[in-house]
Structures are given as structure tokens and as C-alpha cells.
Amino acid sequence: MKLTKKLGINTICTHIGEVEDKQFKGSISPIYLSSSYAFDGVDKKRYPRYFNTPNQEALCKKISALEKTENALIFGSGMAAISTTLLAFLKQGDHVILQQTLYGGTYNLVVEEFGKFGIEYSFTKSLSITDFENEIKNNTKVIFIETPSNPLLKITDMQAVSKLAKEKGIVTMIDNTFASPINQTPVDFGIDIIIHSATKYMGGHSDILAGAVAASNIHIKQIWNKAKNLGGSLSDFTVWMLERSIKTMNLRVKKQSKNALRMAKYLLKNNNVNNVYYPGLKTHLDYNLAKKQMNYFGGMLSFELKDNIDAMAFQNNLQLIKPSMSLAGIESTMLSPAKTSHALLSKEERAKQGISDSLIRFSVGIEEVEDLIADIEQAIEKCK
């Protein structure tokens, strides 16, 4: 780990966590697809469900280097990473605090499943540190945040949350998917456990499903003890694809972040748009906090069209930007959170989070901004 601190981000993405091809000296990691390894006379008993195949272990080194943590684990999906990590630190009678605005899958996990385990939970009324403090109970064990949040790009003060939690002996967790390790490293602000849907910016090509958790050795061991029983491991072919994808993550995410800032500024001036949500805009309520916490402002934004323009008709008229599920691929995509990521929430629950039926989430890709603008304008014209 000493060496990685001296390396630049592109070098870490490219070289840390490679599997050395000792037989043929290939320039990329070989894939070890075996699901069965020797148990006698070996340094460790390897088994895919134990998260310790050669490719799995190597990839974890890359992710921990990027997040500046001691260790990491990879999972079959982002939700496998989130559910396993939460359940590793919560048991019957414990209490968890979650911020007001969260990814719909996380929200559903908590409200639909935690009661069955006897785990108490509460959501903050806002993202102010006072609201987090007000929710703390004697049995509070975890504070879970997501910043920037999905889909309204709200920003949570990581340092303030961490300080509060440490004073109370509470473990902090963050969903860092929207930012990626390129745009922010939560450990720098005192957050204990960093979680990713690696499907998104780490994968970056809309062709794999994966999750990741980065933390200290002590915390990772606790998560591993739960993970080996829940079985959310990742196939080694997908591990290999993810390691390959992370090699270009810095290049992709920087371009996407620069494009997103330009698109947000364009939409802000567009007379057919009511609201734009992007932390890189000076009009964003959390702009100064985002500037403090983030290297760039990310490739995600959301916006609402004027009331006379139907959100779905607009998306269906796009020719270049894809109306598509998920996010963070090199191609630009849009979706309606009310119909996708937050569809399982009731209309009232969505309203509490500020998610209207007209809200569109925009994952900005690496295309030329001029082409994206032209596509949006032609789609709007067809809806008038």
C-alpha cells in the first residue's frame, strides 16, 4: 500500500490489482475460472463463495487502492453489497439511521425486510446534521448515507456525519456509486465503509452486474463473515471484465463529469425546462459542500421539463440518448425514476423525497456535447 500512495490515479486504475501471468507473460490478467481448488498443501483454501479466488483477491486490491482503504470485497450486485454490509452490522434490536433521499432499492430493502429481522430503522427528515442527531437512539449502530443522492443529486456533509457518529460509537456507511472513487473518496472525510454498485462507473460499459465494499481490515472481516453465508459472490469472468473496465475509469468519469456540467448549464438556460438538479451548478443548494467534498461533480443530473411536455413522450423521441434502465455507461441514457429506480415506492413516498412524475434522470456519457444538445432539442420540438 505504500507504493500505491505514490502512484497517480490512472496508474492505480491500470496496474494495481493485476494478476501476473507467470506462464505466458501476457500484458493483462489471466482468468482463473476454476470453481474448485486444492485444499491440502496450499497457502489457503480457495473457493468462489469465500471471495478469495485469484481474480477476486486481485480486484479487491485495486478497489481498496482507489478508495484509500485497507481492504475490499466484491459482490454479485450493488444490492448484494448493500444488504450484506448492513446485515453484517445489524441484528435484532439494533437501530439504523438512513438519510431521507436514497436509492429505491436500498429503501425497499429496509422497509420490506428489516422488520422481519427485528431491526429498527428511521429516515431523516432532511440532510441536516441536526436531523441525523435527532434520530440517534441508545441502540443505533449504523448511519447510512448516499451522496450525491439518487436521483436528485442532494449532497450530505460526510465530515459532519462522521464526526457525530464517532462521538456516539456508530459505524458510518456510504453509497458512493454516483460519485465513484474518481470524484470523491469518503474515507478522507472519516466515513468507515464505502459501498458501490460496481455495475455503474466501475463497470462503465453497461455489460456487467457487480457490487463492491471498501473498508478497514476489521470491518471487511466482519462483512466477509456474513457474506460467506449469504452467498453474493461474483463469477471470475465478471471479475475479470470489471478489472479490465476499471483500467479506464478515470478517463471515462472525468469526461462524463465535464460533459454533465456543460449539459446542466445548457438545460438551466433552456426555456422548456423547469428545474435542473446538478451539484456543479452554483444555483444548487449544496454547491459549496459539493465543491469541498468532490474532485469533479459527477456524470449524473436530473431535470424537469415544462408541464406542457410529457416526460415519456420526450424520452421516446430521443434518437441518440437512450431511454434506458441503469446508468453510468459510456453512452448517455435517460429514465423516469418514478417508473424505474423508485417505482416500488408509493406516490406519497416519492413525493416526500421530491421525486415527481415529470422528473428525468440523465446519465451523461462521453459523446460530443453538441450532439447531445441537438438530440434533446429535436425531441422537445416533437413534443410541442
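Based on Cα contacts under 8 Å between residues 6+ apart, the chain shows a relative contact order of 17 percent.
Over 23 Å apart at the Cα level, from the set K258/K282; K154/K228; K168/K352; K137/K291, are K154/K228; K168/K352; K137/K291.
Report note on the peptides 187-200, 27-40, 157-170: ranked by the mean count of other C-beta atoms within 10 Å, highest first, their order is 187-200, 157-170, 27-40.
Highest mean first, how do 42-48, 294-300 rank when packing is the count of other Cβ atoms within 10 Å averaged over residues? Intermediate results must be reported in sequence, preceding the final value.
On the way: 42-48: 12.9, 294-300: 24.6.
Ranked by mean Cβ neighbours within 10 Å, highest first: 294-300, 42-48.
Counting only Cα atoms, I'd like the Rg/Rh figure for region 225-384, Kirkwood definition for Rh. Walk me through the numbers before you get to the answer.
On the way: Rg = 17.4 Å, Rh = 17.2 Å.
Rg divided by Rh gives 1.01.
If you wrap the Cα atoms of the chain in a convex hull and average its projected area over all directions, you get 19.8 nm². Nearest-5 percent of antiparallel DSSP beta bridges in the chain? Counting only bridges with both partners in the chain, antiparallel ones make up about 55 percent. For region 88-155, applying the loop criterion from DSSP together with a ceiling of 14 other beta carbons within 10 Å to the trypsin sites (Lys or Arg not before Pro) yields K91, K125, K137. To the nearest 0.05, what FRET efficiency results for E20 and N308 with a Förster distance of 56 Å applied to their C-beta separation? Approximately 0.40, to the nearest 0.05.
Ordering 67-79, 274-286 by mean Cβ neighbour count within 10 Å, with the highest value first, yields 67-79, 274-286. Dividing the summed helix terms, -39500 (n - 2.57) for each DSSP H run of n ≥ 4, by the number of residues in the chain produces a 222 nm estimate of -11000 deg cm²/dmol to the nearest 500. Fully extending the segment from F39 to E348 would add 105.8 nm, taking 0.36 nm per residue of separation and subtracting the current Cα-Cα distance.
Report the full-extension gain for the segment R262 to S27: residue separation times 0.36 nm, less the Cα-Cα distance, to one decimal in nm. If you can, show how the numbers build up before the last one.
On the way: separation 235, 0.36 × 235 = 84.60 nm, distance 3.69 nm.
Contour length minus Cα-Cα distance gives 80.9 nm.
With neighbour counts taken as other beta-carbon atoms within 10 Å, the residues H205, H95, H342 rank, fewest first, as H205, H95, H342.
At an R0 of 22 angstrom, the distance between the Cβ atoms of K137 and E167 translates into a FRET efficiency of 0.90.
Read-outs: derived from the displayed coordinates by stated rules, not from any lab. Remember, it's a predicted structure, so these values are computed and weren't measured experimentally. Positions of Cβ are generated from backbone atoms using ideal geometry, with glycine treated the same way; all protein chains shown enter the neighbour counts.
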